[in-house]
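Taken together, the values in this text are just the output of simple stated rules run on the coordinates, not laboratory data. It should be emphasised that the depicted structure is a prediction, and the values quoted were computed from it without experimental measurement. Cβ coordinates were reconstructed from backbone atoms using ideal geometry, including for glycine residues, and neighbour counts include every protein chain displayed.
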Amino acid sequence: MKAPSIRAVRCAIYTRVSTEHGLDQEFNSLDAQYDAASAYIKSQAHAGWTLIRSRYDDGGYSGGSTDRPDLQRLLDDIRARKLDVIVVYKVDRLTRSLADFAKLVELFDSHGVCSSRSPSSSTPRLRWAG
């Protein structure tokens, strides 16, 4: 009997910090968020999760608005159906606005994208499926 094949799940990581303070350091908050999210994606390899090559890092941008270059690029890639899962270190990295969060969830759902909060624990606290 043949083992069931695992469908590749294309995962993107989105990181954000509000200030530019410390971004010039060799290892900064964006890197720490990325590393944590990357480790979580690797822990889900058994489910077919693979990290895509594109990075989405907005350093020095407030979470009070969605007018951020890499967030907009991420949203464009979602609309183009280039990914299946978005991993963030904390949900407030996406937005600090409840209204914007609702709009993002609507966009994710309409394009079949899941989101997962990564991993100060072994289980994400935020996950939804479209």
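One table, with the values for the structure above:
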item	result
Pairs where the first residue, in the stretch 38-62, is surrounded by fewer than 16 Cβ atoms within 10 Å (Cβ to Cβ) and the second is of a type in the set (Val, Ile, Thr) and part of a helix (DSSP H, G or I), C-beta under 9 Å, 6+ apart	Thr50/Ile41
Filter result (farther than 19 Å from Ile86 by Cα and touching a Phe, Trp or Tyr at 6+ places or on another chain (Cβ under 8 Å)) within the stretch 1-34	Ser18
All helices (runs of 4 or more DSSP H) inside the stretch 1-114 with 3 or more residues being among the acidic types (Asp, Glu)	69-79, 98-110
First in the stretch 95-107 and closer than 17 Å to Ala80 by Cα, second anywhere and of a type outside the set (S, T, N, Q) and assigned to a loop (DSSP other than H, G, I, E, B), Cβ under 7 Å, 6 or more apart	Leu104/Leu94
Residue within the stretch 7-17 that is more than 25 Å from Ser110 (Cβ to Cβ) and buried (at least 16 other Cβ atoms within 10 Å of the Cβ) present	yes
